[in-house]
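So that we are looking at the same thing, I have put the structure below in structure tokens.
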Amino acid sequence: MKVRCEYCAGPELKFLSNLDMMHMMERALRRAEIPYALSEGFNPHIKLSMGTVLPVGLWGKNEYFDLELTKNVAPEWFVMQLNSVLPAYIKINRMIEIDSKEPALMKTVNAAGYSFVVKGVSQSELQQQLDNLIKMPVFLVKSRGKKKDVDKDLKPGIYKIEVKGQEDSVIINLTVAIGEPVNIRFDELKDLLLSAGIREENLTDVYRKANYIKIEENYFTPLEKVV
């Protein structure tokens, strides 16, 4: 049985590396007595495949991992068992069974949603700054990836920019490409927002809101059946 899980990794975990996250999940699987499958060879390991890497400095609302099991289990039991041993700031939301031949998350997730929390600025002022940005023919920033300090145009890879008011803050939601046509990093998005006139001291939080499988103009979560 192969399953896919959706979980939330809270702000307390934003400085945890992807490897540390995987080790935490492996320890929880053992403590919860989940019937996980092991690889073969001299150094067997749990057949656990984490999704797209959550960058250090971010927390995630909807993250995913795949896991192979040695026998069928009920989703409700699985979620309850794992949540009973995980730290309070990480929670399994849902689990579903997937086909054993389902492609890995890293190969199918090609878009992400990032949310920037802004305080001390009105929604109308923020919207005006972003409207001015959207009119620009290119969104140039210095690359934060392998080719550091090379000019990089983010515009082809930014699909949506939305502004939403929330209590005493304003949320900027950006839906962007992962991989093609351009791989967009959250720190590059931050540089873009700063170039639009948003002050760094007003950016109080940033998190990954969602991971998507984008097909044409449609967005699916990794738990949805993609036809």
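Under a Cβ-Cβ cut-off of 11 Å, what is the net charge of the residues other than Tyr159 that fall near it, where Lys and Arg count +1 and Asp and Glu count -1?
So the environment of Tyr159 carries a net charge of +1.
Using the Cα atoms of segment 109-220 to build a convex hull, what is its mean projected area in square nanometres?
With the hull built on Cα positions only, its mean projection is 7.0 nm².
Quick one: compute the contact order of segment 109-220, relative version, from alpha carbon pairs under 8 angstrom and 6+ residues apart, as a percent.
44 percent.
I've got another one for you. Given a Förster radius of 30 Å and the C-beta distance between Lys148 and Val117 as r, what FRET efficiency does 1/(1 + (r/R0)^6) yield to the nearest 0.05?
For Lys148 and Val117, the calculated efficiency is 0.65.
What translational D, rounded to a whole number of µm²/s, comes out for segment 1-64 from Stokes-Einstein when the hydrodynamic radius is the Kirkwood one over Cα pairs, at 37 °C and 0.692 mPa s?
Diffusion coefficient, whole number: 255 µm²/s.
Measure off 7 Å from each Cα along the Cα-to-Cβ vector at Asn132 and His23, then give the distance between these two points in nanometres to one decimal.
Taking the simple label geometry, Asn132 and His23 are separated by 4.7 nm.
For segment 2-107, compute the orientation-averaged projected area of the C-alpha convex hull (one quarter of its surface), in nm².
The Cα convex hull of segment 2-107, projected and averaged over all directions, gives 6.6 nm².
OK, next. About the Cα centre of segment 112-153, how large is the charge dipole given +1 on each Lys and Arg Cβ and -1 on each Asp and Glu Cβ? Please answer in debye to the nearest 20.
The calculation lands at about 340 debye.
Then there is this: When a footprinting reagent is the concern and you count Cβ atoms within 10 Å, what order do Ser100, Ser143 take, fewest first?
Ser100, Ser143
Continuing with the same structure: Helix-derived [θ] at 222 nm for the chain: sum -39500 (n - 2.57) over DSSP H runs of at least 4, divide by residue count, nearest 500?
Calculated from helices alone, the mean residue ellipticity at 222 nm is -6500 deg cm²/dmol.
Right, something else. List Arg4, Arg27 from most exposed to least, where exposure is judged by having the fewest other Cβ atoms within 10 Å.
Fewest-to-most Cβ neighbours within 10 Å comes out as Arg27, Arg4.
Mind checking the full-extension length gain between Lys164 and Val85? Use 0.36 nm per residue of separation minus the Cα-Cα distance, one decimal, nm.
24.9 nm is the gain from fully extending Lys164 to Val85.
With Cβ to Cβ distances under 11 Å as the rule, what net charge do the other residues near Asn211 carry (K, R +1; D, E -1)?
+2
If you project the alpha carbons of the chain onto their three principal axes, what span does each projection cover, largest first, in Å?
55, 35, 33
Going down the table (Lys91/Lys214; Lys14/Lys107; Lys2/Lys71; Lys71/Lys209; Lys148/Lys209), which pairs top 21 Å between alpha carbons?
Lys91/Lys214; Lys14/Lys107; Lys71/Lys209; Lys148/Lys209
Shifting gears a bit: Add +1 for every Lys or Arg and -1 for every Asp or Glu among the other residues with Cβ under 10 Å from the Cβ of Ser49, and state the total.
Charge balance near Ser49 sits at +1.
To make sure I understand, if each residue's beta carbon is the centre and we count other beta carbons within 10 Å, what order do Leu19, Leu69, Leu194 fall in, fewest to most?
With the fewest neighbours first, Leu19, Leu69, Leu194 line up as Leu19, Leu194, Leu69.
Rounding to the nearest 20 debye, state how big the charge dipole of segment 2-107 is about its Cα centre with +1 on each Lys and Arg Cβ and -1 on each Asp and Glu Cβ.
Roughly 100 debye for segment 2-107.
When only alpha-carbon atoms count, how far does segment 111-177 stretch along each of its three principal axes, as whole angstroms with the largest first?
Projected onto the principal axes, the Cα atoms of segment 111-177 cover 39, 22, 20 Å.
Every number here is computed from the coordinates shown, using simple stated rules; none is lab data. The shown structure was predicted, so the numbers you read here are calculated from the model rather than taken from an experiment. Using ideal geometry, Cβ is built from the backbone for each residue, glycine included, and neighbour counts are taken over all protein chains shown.
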